[in-house]
Amino acid sequence: MLKLGPKWVRVCVQDTRRTEIMNGILDKLQNVLVPFSQKVNENKVLKGISKGFASMLPIVMVGAIFTLLASLNISVYQNFITSTGLKGVLSIPAAFTSDMISVYAVFLIAQAEADVIGLKDDDATASGIIALMVFLILLPLGVTGVDPETNVTVQVTAAIATGYLGSKGLFTAMIVGILIPRIHNLFVKYNIVIKMPESVPPMIAKSFNAMVPALGIALLACLIKAGVATTSYGTVTDLIYGLLKAPLSVLTASPITYALLLLVCNLMWFFGIHGGMVAGSFRDAMYTEATLENLAAYTAGTQAPNVLTTGAWLTIGNIGGSACAIGLCLCIALFAKSSRFKALNKISLPAGLCGISEPMVFGFPMVLNPILLIPMLIAPTVTLLLGYAAMATGLVPYMIGTSIPTGTPILFSGFIAYGSWKGVVLQLVLIAVSTLIYYPFFKMCDNQELKLEKESQN
């Protein structure tokens, strides 16, 4: 008969206690976060935004996949697609998906918001079309460029700068998508519409129903555009974008500032806004000099003078994509029970391994998911500070100042950023840490999703 020693018994008792403690923590988190999540999900504004973003998932996925294929930073691969002309071909889908995300967002959010507040199907579609019209009205007309043949600056008046159609205009798209269905609903509620005789075909009658609301809302949009044009901002989008940037303009370079920029970036991602577009410009302004100094020192064979550079953003802060999404991807890969999350990870994990997080951000979704807000903010902060501590204490060398483009695979980015295998080890540790941070919050989401899947099967 097998006899168990006291050491084995102690180990079993300790494991049982750890399990009980972990389960207790999960239960407490669930008791607080799940009810809060349900209340947030019941909010009509947030519900409309969430449904709109969910509808964008195919667009986001296509953009992310082709962005990855076009930007995968492997020299042999890049040389091949460049020499064969494939790079230009692979860049086309991204130009009409990710780079135009605000166009899709304003329509889908407005349509979803209209449905949430009780507008009928036809009116909901009309709200989406009107919102898209308003968004385009608010955009500035005119593009300035240099003619490559004559080297003369040319002004094209009947054109829209594509930058406003992408992530830069996303917050404007969200605001327009939220407000327009409510204004449209007022026209419908108070019967301020054109009523056609019953003899008129239904499709034509429905078109006329939306005419008066469209005219009134278009006039309002024009007045707003004209009013903002008299300010220093010039355009509505620049006004909103400028207001988002204003609080960051007083910051100075430091580890705390770097962590704060990451915090702001990922908080914006929580609301579906490309936080890197806002926080990234301040990061570059503050840390580009430090990056160049480290590169010069590395070239000269001397000690790099700066701990943090722009490269820290992707290699230790937002490692594996915004909000350290790779940690969530690995949680799914290792622990997921729900079928939806497993299917999602087939695309999200390869993208996350190359630092592209959009499939996970919009597909899980992480956007407007109260349960994931805490790890989205904590994980990048913790990985940044741990990476900083590892460099400051000499466990890993300072970054050598090399550029880390989007699409650079994890671990490979660690090697080229630090010029040492120690950078690879550091990234492995930080990925493990981010996975541990996400785990309890992921389990709550997975349990909820599994419950919904079982209910739908019954």
Original post:
Does Leu186 satisfy the condition of being touching a residue at least 24 places away in the same chain (Cβ under 8 Å) and part of a helix (DSSP H, G or I)?
Top reply: no
Original post:
Can you name the residue in segment 387-399 that is under 12 Å from Thr315 (Cβ atoms) and among the hydrophobic types (A, V, I, L, M, F, W, C) and, of all such residues, is modelled with the lowest pLDDT?
Top reply: Met399
Original post:
Of (1) of a type in the set (Ser, Thr, Tyr); (2) under 19 Å from Tyr388 (Cα atoms); (3) modelled with pLDDT under 85, Thr299 satisfies all except one. Which?
Top reply: (2)
Original post:
Going through segment 432-442 one residue at a time, which ones are crowded, with 16+ Cβ neighbours inside 10 Å, of a type outside the set (Gly, Ala, Ser) and farther than 17 Å from Pro365 by Cβ?
Top reply: Val433, Thr435, Ile437, Tyr439, Pro440
Subject >> Residue that is surrounded by the fewest Cβ atoms within 10 Å (Cβ to Cβ) [pool: residues in segment 313-337 that are small (Gly, Ala, Ser) and in contact with a Lys or Arg (Cβ under 9 Å, 6 or more places away or on another chain)] >> reply: Ala333
Original post:
Has segment 111-123 got at least one residue that is modelled with pLDDT under 80, assigned to a helix (DSSP H, G or I), touching a Gly at 6+ places or on another chain (Cβ under 9 Å) and not charged (D, E, K, R)?
Top reply: no
Original post:
Restricted to segment 166-190, and to residues that are under 16 Å from Gly276 (Cα atoms) and not basic (Lys, Arg), which residue is modelled with the lowest pLDDT?
Top reply: Ser167
Original post:
Which residue pairs have Cβ atoms under 6 Å apart, sit 6 or more places apart or on different chains, and have a first residue in segment 431-457 that is among the aliphatic types (A, V, I, L, M) and a second that is surrounded by 12 or more Cβ atoms within 10 Å (Cβ to Cβ) and not in a helix (DSSP H, G or I)?
Top reply: Leu450/Lys337; Leu450/Ser338
Original post:
Is there a residue in segment 255-265 that is buried (at least 21 other Cβ atoms within 10 Å of the Cβ) and over 18 Å from Ile378 (Cβ atoms)?
Top reply: no
**OP:** Would you point out which residue out of Thr393, Thr408 is in the same structural domain as Gly280 (by TED's automatic domain parsing), surrounded by fewer than 21 Cβ atoms within 10 Å (Cβ to Cβ) and polar (S, T, N, Q)?
**Re:** Thr393
**OP:** Please indicate, with yes or no, whether at least one residue in segment 198-210 is modelled with pLDDT of 75 or more and out of contact with any Gly (no Cβ under 9 Å at 6 or more places or on another chain).
**Re:** yes
Original post:
Checking Ile129 against (1) more than 12 Å from Gly48 (Cβ to Cβ); (2) buried (at least 21 other Cβ atoms within 10 Å of the Cβ); (3) modelled with pLDDT of 90 or more; (4) not aromatic (Phe, Trp, Tyr), which single condition isn't satisfied?
Top reply: (2)
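One line per residue, one yes/no per condition, for (1) in the same structural domain as Ile109 (by TED's automatic domain parsing); (2) in contact with a Ser or Thr (Cβ under 7 Å, 6 or more places away or on another chain); (3) at pLDDT below 75:
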| position | (1), (2), (3) |
| --- | --- |
| Leu215 | yes, no, no |
| Ala218 | yes, no, no |
| Lys225 | yes, no, no |
| Val228 | yes, yes, no |
| Tyr233 | yes, no, no |
| Ala259 | no, yes, no |
| Arg283 | no, yes, no |
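The values are calculated or read from the model by the stated rules, or taken from the named source; none is laboratory data. The structure displayed is predicted, hence computed values, not measured ones. Because the Cβ atoms are built from the backbone with ideal geometry, glycine has one as well, and the counts that use them run over all protein chains shown.
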